[in-house]
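Notes to accompany the following structure.
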Amino acid sequence: MKKKFVYTLPFYLMLLPAMVLLFIYNYIPMIGNLMAFERFNAVRGLFKSQWIGFDNFRYVFSMPDTPQVLWNTFYIAFLKVVTGIIIPVFFALLINEVGSVFYKRLIQTIIYFPHFLSWVILAGILIDVLSPSQGVIGRFFTFVGLKPIFFLGDPKVFPYTLVFTESWKEFGFGTIVYLAALTGIDPNLYEAAMIDGANRWQQTFYVTIPGILPIVMLMTILSMGNILNAGFDQVFNLYSPQVYKTGDILDTLVYRMGLIDAQYGVATAVGLFKSLISFVMLAVSYTLAYRFTDYRVF
């Protein structure tokens, strides 16, 4: 036992700085959740503000905009989860069919690149490109005799603009998992399929897709934990008051109530509610992942 402790001690010491930083920046700030149950006063501080119990939560759920914000969050996040599975799988299958290693790597590099750009940069580009009057797409619509679409200003179109731009930005990075899964398929299965007379389409449907289906199921189940994460960075940089009806989500609501309106207790209540729902969904997703794909965290 002592010998094992001496052997593993350097590894624990190596983890110590990371554990200290984790405790300081992730666990100590959790004390701030007390504001969700207080009428927080910055002068009195966290521990001397008036305790009001669940009044902040009652206030949040009595707000007329809360049901719409919850629906927007679920709806946008759900669409992002669905497209975040389907599109990467589709492109992984296409890239896997490219015979040239050079072109395969070139395509991978091109589609990976947007992932490394921040939404601040992309938002500036998208605002110019999607402008109905000056943007490239708006001018093209005018050129062909169609009415330009206000992608970032039409409440009916805005949620789908968020989903499309998110998918465009992240699908390349998402293909990494599925390309790795494709390399794990036994080549003998393809040879057997060819001997049986299967063409490329049949090999894809009866060998490739079943081969990566467990990974697809796993990623789908694990993504349930992000069902309330509709993407604050993206929405904040692209939305405007005219699309609040369909584009406002829990994170942007917390931002406006907490940092702009200085309703710290109410904003903390919204954030705590989101965290609790996310925790439940994460627990359910890991349980389903263990049951259906035998995935274990440890």
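The values are calculated or read from the model by the stated rules, or taken from the named source; none is laboratory data. What you see is a predicted model, and the numbers here were worked out from it, not measured in a lab. So basically every Cβ, Gly included, is an ideal-geometry build from the backbone, and we count neighbours across all protein chains shown.
Some points to look at:
- From 231, 247, 211, residue being of a type in the set (Gly, Ala, Ser) and within 15 Å of the chain's Cα centre (by Cα): 231
- Selection over segment 164-216 of residues that are in a helix (DSSP H, G or I) and either over 28 Å from residue 235 (Cα atoms) or in contact with a Cys (Cβ under 9 Å, 6 or more places away or on another chain) (or both) gives a count of 30.
- Checking residue 148 against (1) surrounded by 15 or more Cβ atoms within 10 Å (Cβ to Cβ); (2) within 30 Å of residue 281 (Cβ to Cβ), the condition it does not meet: (2)
- Odd one out for residue 25, checked against (1) touching a residue at least 24 places away in the same chain (Cβ under 8 Å); (2) farther than 30 Å from residue 241 by Cα; (3) within 26 Å of the chain's Cα centre (by Cα): (1)
- So residue 40, is it in contact with a Phe, Trp or Tyr (Cβ under 6 Å, 6 or more places away or on another chain) and in contact (Cβ under 8 Å) with a residue 24 or more places away in the chain: yes
- Near pairs, Cβ below 9 angstrom, 6+ apart or cross-chain, from segment 221-236 (over 23 Å from residue 68 (Cβ atoms)) to any residue that is of a type in the set (D, E, K, R): 223/80
- Those residues of segment 252-266 which are touching a helix residue (DSSP H, G or I) at 6+ places or on another chain (Cβ under 6 Å), part of a helix (DSSP H, G or I) and without any contact (Cβ under 8 Å) to a residue 60 or more places away in the chain, in sequence order: 252, 254, 257, 258
- Residue ID - modelled with the highest pLDDT, chosen from residues in segment 28-50 that are aromatic (Phe, Trp, Tyr) and surrounded by 10 or more Cβ atoms within 10 Å (Cβ to Cβ): 37
- Of the residues examined, residue 227 is not one that is over 16 Å from residue 78 (Cα atoms) and among the hydrophobic types (A, V, I, L, M, F, W, C).
- The residue that is farthest from residue 266 (Cα to Cα), among those in segment 1-58 that are of a type in the set (Val, Ile, Thr) and assigned to a helix (DSSP H, G or I), is 6.
- With respect to the conditions (1) touching a residue at least 24 places away in the same chain (Cβ under 8 Å); (2) farther than 30 Å from residue 286 by Cβ; (3) buried (at least 19 other Cβ atoms within 10 Å of the Cβ); (4) more than 25 Å from the chain's Cα centre (by Cα), residue 138 falls short on a single one, namely (1).
- Extreme residue, nearest to residue 80 (Cα to Cα), among residues of segment 128-163 that are assigned to a helix (DSSP H, G or I) and in contact with a Gly (Cβ under 8 Å, 6 or more places away or on another chain): 162
- For segment 175-211, a residue qualifies if it is within 19 Å of residue 108 (Cα to Cα) and in contact with a Ser or Thr (Cβ under 9 Å, 6 or more places away or on another chain), and exactly one does: 182.
- Of the residues making up segment 62-77, those that are assigned to a helix (DSSP H, G or I) and loosely packed, with under 14 Cβ neighbours inside 10 Å are 62, 67, 71.
- For residue 227, the criteria (1) under 16 Å from residue 85 (Cβ atoms); (2) in contact with a Phe, Trp or Tyr (Cβ under 9 Å, 6 or more places away or on another chain); (3) at pLDDT 85 or above hold in every case but one, which is (3).
- Out of 251, 261, 233, sole residue that is surrounded by fewer than 18 Cβ atoms within 10 Å (Cβ to Cβ) and at pLDDT 85 or above: 233
- All positions within segment 84-127 that are more than 23 Å from the chain's Cα centre (by Cα) and in a loop (DSSP other than H, G, I, E, B): 97, 98, 99, 100
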